[in-house]
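S.K.: Below are the structure tokens for one structure; questions will follow.
The values are calculated or read from the model by the stated rules, or taken from the named source; none is laboratory data. Here the structure is a predicted model, which means the values were calculated and not measured. Methodologically, a virtual Cβ is constructed for each residue, glycine included, from the backbone with ideal geometry; neighbour enumeration extends over all protein chains shown.
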Amino acid sequence: MAYLGVDTGGTFTDFILFDETTGTVSIHKVLSTPDAPDRAIMQGLAYLNIDTTDLLLVHGSTVATNAVLEGKGVRTAYITNQGLADVLSIGRQARKELYNLQPEKKPPLIPPEHCLEVASRLSATGEALATMNDDDLQQLCQQIDAISPQAIAINLLFSFIDDAEEKRIEAAIVDRVSTQIFISRSSDVLPEYKEYERGITTTLNAYVGPLMQRYLQRLEQQAPGCHLAVMQSSAGTASAHHAGRYAVHLLLSGPAGGLKGAQFSAAKSDCDRLLSFDMGGTSTDVSIIDQEIGFTTEGHIGDYPVAVPMVDMHTIGAGGGSIASVDAGGLLLVGPESAGADPGPACYCKGGTRPTVTDANVILGRLLPDAFLGGRMILDRAKSEQALATIADKLDMSLHQAATGVIDVVNDHMVRALRVMSVQRGEDPKDYTLVSFGGAGGLHVCALADALQMTRALVPANAGVLSALGMLAAEPIRERSLTINLLLKDCNTVDIEEQFRQIHELAEQELREIAGDCDMQAQYSVDLRYKGQSYTLNLLWDVPEELEYAFHELHESQYGHRMAIEVELVNLRLRLAGDKPAFDLPEWRATAQAQQRMTTVYGFDQPVPILARDALKVDQIIDGPALITETTSTTWIDQGWQARVDRWGNLLLRTH
């Protein structure tokens, strides 16, 4: 059987193919096609000459993410209780610009005329205060018919206690309006408290669900016979059917693959405390892995909170395609605007004329025009010089000085992002290994490590397509949650474990879709807080007495104090994982003949050696300065750094 990981990024679509029969790995990159992402995938399948009949294709998709960020979801209606139609618009009343008295008003995700109210109400204890009759349902269906939505989000108060009314509404829509409307129920998507977060998550699921379903159906039709799985934001895979139904779980699909790939590769090199950065063409994702990948239920996509579990990371607009400019005050700026895949950096010769980070690296000699994508795409240095000249002229400096300035600014952006995930959380970067991946990451790894006073770094094998590799290493995952809101002292262990059993049963049914008959590992955890707090801490499930002690300890560790206040158990959480896939990387061996090449790099008097990564041997030592080229990325070993090739082909970097 063959395994193919595909990561669709903003600039490139990455492929990594593992043939189980021969034990070989093939990698490939093509420029993304944002208007039709599946087109780039089919180009890659054709180039790799893959027979899809016996293929497991694991895909990380940006379809859902882009639809949310660009406001291009489907026509959606929102159904809630009387008096709560404005919840999505009001939100938490948080202001991005605290001192701006006239902030720009952005249109709401769902227009007010598409927010419908129903005469149904549960109390906080689950008592039915008002229920809908048949006339109410008929009137609601008529309102929906007038709107003609493609999707509907249903979010009723306290539906996590009793979902009967949400199910009645869903059944009425299917019977009386259309069986083709995509329906998203909050009691199914996110049965947790906080009506705004639950409402916006349920609505986003409806907003992008039909787009995701159509995209995956189209992909399956173009790759007949393949088994299609999709990477979720929680670093686990799902079947195409489940992914289309719960599209809100895909909003960090690609970045989650990157973290899984970083964890997988670093474990081969016996590294388990990682500070990672994934620098692609459009953005950089940074995260911290202390033995295990961190997760959060307080993530955001654009301006919207997304309360489903996702990898804990910080994203900034800094990538190879980030555009450099000079503002009215003469300040050099880099990003967040990106040239993307089309037109791309000036050196791509696709019509781009504005200077980018990639153009700056070309001018400095760190990115070789004839080695890009293994020589399949020749970069035009003259175009880069023309683009950077606009910056150099405004700043009255040479081209090389301007290019150096661009690199320094983008490095500073990434250093600050890495500090957010480490220093601001009380972690010293020096205790971690900096893991670099993404097509542009290897060019900046030494500079970032130096800025953070880190002495160890790792550039994995296949770093340019590591997100795609991580998708092959990811196991199928289902996650379920439930709000119960009880004082910990009032919790009955037998009752709690029965509720865990019920959500386990539901998650197991869903997991069988892709995992079949396999062993499953369940992780039970709970969200706790002091009574009256708004936020929670997550702990593995235990008897209430042990949980209370552990919560006090964790709270003091996180916030520096503990309180003499009763503890509440807010949410139950289940993470159910299937068997790990058969995919594994073969041990490294050189596949090319070493050739001695030299190049000129700005800032160094002597020529710098160029080494092909596929010609490197296990335990080979490379002293900086040196350039290591490969098909999907380039690594710059700066002066003062030394790289060693380990048995898996990873580059272990150390300062002298």
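S.K.: Looking at the range 630-656, which of its residues are in a strand (DSSP E or B), within 17 Å of MET279 (Cβ to Cβ) and polar (S, T, N, Q)?
M.R.: Residues satisfying the conditions are THR634, THR635.
S.K.: Might you check whether a residue that is of a type in the set (A, V, I, L, M, F, W, C), surrounded by fewer than 24 Cβ atoms within 10 Å (Cβ to Cβ) and free of Cβ contacts under 8 Å to residues at least 24 places away in the same chain occurs anywhere in the range 303-317?
M.R.: No, every residue in the range 303-317 fails to be of a type in the set (A, V, I, L, M, F, W, C), surrounded by fewer than 24 Cβ atoms within 10 Å (Cβ to Cβ) and free of Cβ contacts under 8 Å to residues at least 24 places away in the same chain.
S.K.: Exactly one of (1) more than 21 Å from ILE161 (Cβ to Cβ); (2) surrounded by 15 or more Cβ atoms within 10 Å (Cβ to Cβ); (3) in contact with an Asp or Glu (Cβ under 6 Å, 6 or more places away or on another chain); (4) of a type outside the set (Lys, Arg) is unmet by ASN571. Its number?
M.R.: Result: ASN571 passes all but (1).
S.K.: Do you know which of the residues in the range 162-211 that are closer than 28 Å to GLN499 by Cα, without any contact (Cβ under 8 Å) to a residue 40 or more places away in the chain and among the hydrophobic types (A, V, I, L, M, F, W, C) is surrounded by the most Cβ atoms within 10 Å (Cβ to Cβ)?
M.R.: Across the range 162-211, the extreme among qualifying residues is ILE183.
S.K.: Considering each of SER276, SER234 in turn, give the residue that is at pLDDT 90 or above and over 30 Å from ILE152 (Cα atoms).
M.R.: Only one candidate passes the filter, namely SER276.
S.K.: Could I ask something else about it? When the range 498-526 is examined, which residues are found to be closer than 13 Å to LEU547 by Cβ and either among the small types (Gly, Ala, Ser) or out of contact with any strand residue (DSSP E or B) (no Cβ under 8 Å at 6 or more places or on another chain) (or both)?
M.R.: SER525
S.K.: Go through the residues of the range 589-596 one by one and say whether even a single one is crowded, with 16+ Cβ neighbours inside 10 Å and either in the same structural domain as GLN232 (by TED's automatic domain parsing) or under 29 Å from the mean Cα position of the chain (by Cα) (or both).
M.R.: Taking every residue of the range 589-596 in turn, none turns out to be crowded, with 16+ Cβ neighbours inside 10 Å and either in the same structural domain as GLN232 (by TED's automatic domain parsing) or under 29 Å from the mean Cα position of the chain (by Cα) (or both).
S.K.: What single numbered condition from (1) free of Cβ contacts under 8 Å to residues at least 24 places away in the same chain; (2) surrounded by fewer than 19 Cβ atoms within 10 Å (Cβ to Cβ) fails to hold for THR24?
M.R.: (1)
S.K.: Considering only the range 540-567, state which residues are in contact with an Asp or Glu (Cβ under 8 Å, 6 or more places away or on another chain) and closer than 16 Å to THR493 by Cα.
M.R.: VAL567
S.K.: Are any of the residues in the range 261-277 touching a helix residue (DSSP H, G or I) at 6+ places or on another chain (Cβ under 6 Å) and acidic (Asp, Glu)?
M.R.: Within the range 261-277 (the criterion being touching a helix residue (DSSP H, G or I) at 6+ places or on another chain (Cβ under 6 Å) and acidic (Asp, Glu)), the answer is no, since none of the residues qualifies.
S.K.: Right, here's the next one. One residue is enough: does the range 606-616 have a residue meeting the conditions assigned to a loop (DSSP other than H, G, I, E, B) and of a type in the set (Asp, Glu)?
M.R.: No: zero hits.
S.K.: Okay, next question. Of these, GLU505, GLU510, GLU548, which one is outside any loop (DSSP other than H, G, I, E, B), without any contact (Cβ under 8 Å) to a residue 60 or more places away in the chain and among the acidic types (Asp, Glu)?
M.R.: GLU505
S.K.: What are the pairs with Cβ atoms under 7 angstrom where one residue, in the range 489-501, is over 13 Å from VAL526 (Cα atoms) and the other, located anywhere, is not hydrophobic (A, V, I, L, M, F, W, C)? Sequence gap at least six, or different chains.
M.R.: Matching pairs, first to second residue: LYS489/PRO544; LYS489/GLU566.
S.K.: Which number in (1) in a loop (DSSP other than H, G, I, E, B); (2) without any contact (Cβ under 8 Å) to a residue 12 or more places away in the chain marks the one condition that SER557 misses?
M.R.: Failed condition: (1).
S.K.: For the range 347-366: of the residues being hydroxyl-bearing (Ser, Thr, Tyr) and touching a Gly at 6+ places or on another chain (Cβ under 6 Å), which is nearest to ARG597 (Cα to Cα)?
M.R.: Checked the range 347-366; the qualifying residue nearest to ARG597 (Cα to Cα) is THR358.
S.K.: What number of residues within the range 42-77 satisfy the criterion of being farther than 24 Å from THR282 by Cα and part of a helix (DSSP H, G or I)?
M.R.: 6
S.K.: Please work out if ALA341 is without any contact (Cβ under 8 Å) to a residue 24 or more places away in the chain and more than 30 Å from GLU195 (Cα to Cα).
M.R.: no
S.K.: Let me ask you something else. Tell me whether the range 522-538 contains one or more residues that are of a type in the set (Phe, Trp, Tyr), touching a Ser or Thr at 6+ places or on another chain (Cβ under 9 Å), within 27 Å of LYS580 (Cβ to Cβ) and outside any helix (DSSP H, G or I).
M.R.: No, there is no match, as no residue in the range 522-538 is of a type in the set (Phe, Trp, Tyr), touching a Ser or Thr at 6+ places or on another chain (Cβ under 9 Å), within 27 Å of LYS580 (Cβ to Cβ) and outside any helix (DSSP H, G or I).
S.K.: One residue is enough: does the range 575-584 have a residue meeting the conditions touching a residue at least 40 places away in the same chain (Cβ under 8 Å), buried (at least 21 other Cβ atoms within 10 Å of the Cβ) and not aliphatic (A, V, I, L, M)?
M.R.: Scanning the range 575-584 turns up at least one residue that is touching a residue at least 40 places away in the same chain (Cβ under 8 Å), buried (at least 21 other Cβ atoms within 10 Å of the Cβ) and not aliphatic (A, V, I, L, M).
S.K.: Here's something else I'd like to know. Give me the residue from the range 78-111 that is part of a helix (DSSP H, G or I) and in contact with a Gly (Cβ under 9 Å, 6 or more places away or on another chain) and, out of that set, surrounded by the most Cβ atoms within 10 Å (Cβ to Cβ).
M.R.: LEU88
S.K.: Out of curiosity, is LEU228 in contact (Cβ under 8 Å) with a residue 60 or more places away in the chain, among the aliphatic types (A, V, I, L, M) and closer than 26 Å to GLY71 by Cβ?
M.R.: In short, no.
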